[in-house]
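Encoded as structure tokens, the structure appears first; notes follow it.
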Amino acid sequence: MSFLASPRRLTRMGVLGMNQRNADFIMRYNPRHLYPLVDNKLLTKRLAIDHGIAVPALYAVVREQHEGKDLVGLLGDHEDFVIKPAHGSGGNGILVVSGRFGNSFRKPSGDLITLEAMQHHVSNILSGMYSLGGLPDQAIIEYRVRFDPLFEHISYQGVPDIRVIVFRGVPVAAMVRLPTRASDGKANLHQGAMGIGIDLATGTSRGGVCGGLVGAVHPDTGASTADIRLPHWERILRLAMQCADTVGLGYLGADIVMDRDLGPLMLELNARPGLTVQVANQRGLLLNLRQVERMPTLPTAIEERLALAQSLPMAQPLRMAQSSREPAAAPTGRE
């Protein structure tokens, strides 16, 4: 992370590094036996449905190679959808389809993909090309989120998502990840998406980073990403807390999307959320983490935890690089 400060000063400013994240928070607060609940997106989705958590509707699951030959039958009347690996990570293997054009399918970019190419993609998913550890996988076909009009001027083609870091059941940081041309319309920072920080108390955007550079303008639309007030902000935080309560992980990244018709939906969960949220917010994460960690007991009621999250202290802004000569590179750990 190329902040313009010495390592000692970064520590004083509350910047969390990957080794400290792994040792002090992931290993300490995330029991290994609970990882499958978030590493398997199909299991996560079904668990969420059982607990009344709003998620994109599940259309079909492809488990065997021969099932992929009947994609048309599995899709039925659905003309727009998302195909993704159950055990994928970092946005790899996700195929978004926004419509049909004759015997082909249209991606959000306008490019066409044939049925045969889509079947080949599903076959690659099943073979484990995108899965953690390269193990055989399953392909999930689900509802394609229609993003809220709020994001029209600051998103390139794809659907933005909101990453909320939840520690011991309390939200401690958040950012919005905006698709760009470089990310091919996907909201994944390591693929080129833009991240903008969100103030926990108000749900208002601040700061931002894209391609290792700090800024507050979307690289494709040219629109400002600063001072945007997210609708349903407290509902989003409640949803993130409900997800953490459901899976039982103490340190969790909850990815939430804003559908124009359905409102906030949980997209997926992450037991090893990356640290770029600090760059996007231009503030370290450690201050909030330590404050929550020092509390011997925490409220169980979601409304009380919501109030706690929105009262957490605002860390000192970090002085970060602003030009291509001084890139503010994201910390290791994929987003």
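Summary of values
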item: Euclidean distance of C-alpha centroids, the range 163-234 and the range 95-116, integer Å; result: 28
item: Degrees between helix 115-127 axis and first principal axis of the chain (Cα, 0 to 90, nearest 10); result: 60
item: Ellipsoid equivalent to the range 1-130 - semi-axes via the Cα gyration tensor, in Å; result: 38, 20, 14
item: H190 paired with L150, simple spin-label distance in nm, labels 7 Å along Cα-to-beta-carbon; result: 2.8
item: Approximate spin-label separation A23-H120, in nm, with each point projected 7 Å along Cα-to-Cβ; result: 4.7
item: Difference of contour (0.36 nm per residue) and Cα-Cα distance, H232 to T11; result: 76.2 nm
item: Percent RCO, i.e. relative contact order, over the range 124-171, from Cα pairs under 8 Å lying at least 6 residues apart; result: 20
item: Top of S205, S109, S311 by mean-square fluctuation, Gaussian network on the chain, Cα under 10 Å; result: S311
item: Under the Karplus curve 6.51 cos²θ - 1.76 cosθ + 1.60, θ = phi - 60°, whole-Hz ³J(HN,Hα) for the range 69-74, x wherever Gly or Pro sits; result: 6, 10, 4, 4, x, 5
item: Label-zone membership for the range 266-301, site Y35, 7 angstrom Cα→C-beta point, backbone N under 18 Å; result: 269-275
item: Among N103, N30, N22, residue whose mean-square fluctuation peaks in a GNM of the chain (springs only between Cα atoms under 10 Å); result: N103
item: Relative contact order [Cα under 8 Å, 6+ residues apart], the range 57-142, whole percent; result: 40
item: ³J(HN,Hα), Karplus 6.51/-1.76/1.60, whole Hz, each residue of the range 31-38, x for Gly, Pro; result: x, 4, 5, 8, 4, x, 5, 10
item: Inter-probe distance in nm under a simple model that places probes 7 Å from Cα toward Cβ, at I49 and A223; result: 3.3
item: C-alpha long axis of helix 302-311 to longest principal axis of the chain, angle in °; result: 50
item: Distance histogram in 10 Å bins (all Cα pairs of the range 57-142, percent per bin); result: 20, 54, 25, 1
item: Mean separation of Cα contacts under 8 Å (6+ apart) over length of the chain, as relative contact order %; result: 22
item: 5 angstrom amide H check on M194, placed H, neighbours 5+ away; result: L178, T180
item: Candidate values (i) 1.20; (ii) 0.98; (iii) 0.92, label of the one derived for Cα Rg over 2.2 N^0.38 Å; result: (ii)
item: For R100, distant residues with modelled amide H under 5 Å away; result: R106
item: Karplus 3J(HN,Hα) series, Hz, for the range 53-59 with 6.51 cos²θ - 1.76 cosθ + 1.60 (x for Gly, Pro); result: 8, 6, 9, x, 4, 8, 8
item: Reachable lysines, given that their alpha-carbon falls under 26 Å from the alpha-carbon of K69 and they are not under 8 places away in the same chain; result: K41, K45, K84, K107
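Every number in this text was worked out from the coordinates using simple rules, so none of it is lab data. Worth saying up front: this structure is predicted, and the values here are computed from it rather than measured. Note that each Cβ is placed from the backbone with ideal geometry, even for glycine, and that neighbours are counted across all protein chains shown.
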